[in-house]
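Visitor: My questions all concern the structure below.
The values are calculated or read from the model by the stated rules, or taken from the named source; none is laboratory data. Everything quoted here is computed from the prediction, not taken from an experiment. Methodologically, a virtual Cβ is constructed for each residue, glycine included, from the backbone with ideal geometry; neighbour enumeration extends over all protein chains shown.
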Amino acid sequence: MRLGDENESSNVEDRRGGGGRRVSGVGIGTIAIALVVSYFTGIDPRTLLGVAENFQSSQGGGVEQSQPLDPRTDPQAAMKSEMAKILHKTETSWSEMFGAMGGTYVEPRLVLYRGQTSTACGTGQAAMGPFYCPGDSKVYLDMAFFDEMAERFHAGGDFARAYVIAHEIGHHVQNLLGVSDQTQALRQRLSREEYNKISVRVELQADCFAGLWAQHANRAKPFLDPQDIDEALRAANAIGDDMLQKQSRGVVVPDSFTHGTSAQRVRWFKTGYEGNSVKSCDTFKARDL
């Protein structure tokens, strides 16, 4: 991936440093409980963590809000710059695609943090992986996740990291298009298994949007190397629900899938990369995923 002369986005919020104001937070035990409750009820764990955070805040608990690191001594300075350049490329591409649809793209912010941080969706935790919060239109990322991708999932590489960012930006696009509101409205009316099927389509559409962005950005200003798409596909394959369940449980439980199988995630990234518009990524009308 060639980003040497690319501009950096100004929408990066760095909270990785020490010191600063206190914000509410929850502990690892609360996270574990939230994940268990989420599994059996279908409630978004970020919603549960938000309730816990508000309660703890009322009791006087809190964690330190991070401040930016000095770039001269930041060991992740190069990766932060890479993230800022990728974010800028998503801003450029999605602004053009929204313009072609007669709309206006509202740029999100990328928050880099370490360990945990406050969000409009509750306390963000590194254990949750990268995520998008529609409440504040921000993508939250602990860059240690990329080490886990490389070491645990054998899915490293600069474009694998770009794919992760592009997928989360895909959720922001869904928020702007009204997809997020429409699918969330179904949560109270569907069983956990039924809503999981909707969640899979949401996540696969974000994968498709990531592929669409890659194709659009590379056509506008070539920056991909021959192996880059393979890196993204390797990452998509590594984090499919079936692959993750085999690793963690030893068995696969399709009714609990929320992101799609490895094959589905790869297929929809390819669909976006080979497509030419947002309509190419309508996972909700697709008969077969």
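Visitor: Take the residues in segment 191-228 that are of a type in the set (Gly, Ala, Ser) and touching a residue at least 40 places away in the same chain (Cβ under 8 Å); name whichever of them is surrounded by the fewest Cβ atoms within 10 Å (Cβ to Cβ). It would help to see each step written out before you state the result.
Guide: Going residue by residue through segment 191-228, those that are of a type in the set (Gly, Ala, Ser) are 191, 199, 206, 210-211, 214, 217, 220.
If we keep only those that are touching a residue at least 40 places away in the same chain (Cβ under 8 Å) too, we end up with 191, 199, 210-211, 214, 217, 220.
Values: SER191: 10, SER199: 20, ALA210: 29, GLY211: 29, ALA214: 25, ALA217: 22, ALA220: 12.
Among those residues, the one meeting the criterion is SER191.
Visitor: Tally up the residues in segment 189-222 that are touching a helix residue (DSSP H, G or I) at 6+ places or on another chain (Cβ under 7 Å) and of a type in the set (Phe, Trp, Tyr), please.
Guide: 2
Visitor: Listed residues LYS80, LYS89; which is out of contact with any helix residue (DSSP H, G or I) (no Cβ under 9 Å at 6 or more places or on another chain) and touching a residue at least 60 places away in the same chain (Cβ under 8 Å)?
Guide: LYS80
Visitor: For a quick check of your reading of the model, give me the residue pairs whose first member lies in segment 179-190 and is under 18 Å from LEU204 (Cβ atoms), whose second is in a loop (DSSP other than H, G, I, E, B) and at pLDDT 90 or above, with beta-carbon atoms closer than 7 Å and at least 6 apart or on different chains.
Guide: SER180/PRO134
Visitor: Could you list all residues from segment 252-289 that are in a loop (DSSP other than H, G, I, E, B), among the hydrophobic types (A, V, I, L, M, F, W, C) and at pLDDT 90 or above? Working first, answer last.
Guide: Taking segment 252-289 first, the residues in a loop (DSSP other than H, G, I, E, B) are 252-253, 257-261, 275-277, 282-289.
Subset that is among the hydrophobic types (A, V, I, L, M, F, W, C): 252-253, 257, 284, 286, 289.
If the condition is that a residue be in a loop (DSSP other than H, G, I, E, B), among the hydrophobic types (A, V, I, L, M, F, W, C) and at pLDDT 90 or above, then PHE284, ALA286, LEU289 are the ones that fit.
Visitor: Turning to a different aspect of this structure: Got a sec? Which of ARG249, ARG219 is out of contact with any Phe, Trp or Tyr (no Cβ under 9 Å at 6 or more places or on another chain), modelled with pLDDT of 95 or more, over 26 Å from GLY135 (Cα atoms) and not aliphatic (A, V, I, L, M)? Spell out how you get there, then give the answer.
Guide: Working: ARG249 fails: modelled with pLDDT of 95 or more.
Criteria check complete, one pass: ARG219.
Visitor: Related question: Considering segment 259-289 alone, what residues qualify as being surrounded by fewer than 17 Cβ atoms within 10 Å (Cβ to Cβ) and under 13 Å from ALA206 (Cα atoms)?
Guide: Across segment 259-289, the qualifying residues are LYS279, ASP282, PHE284.
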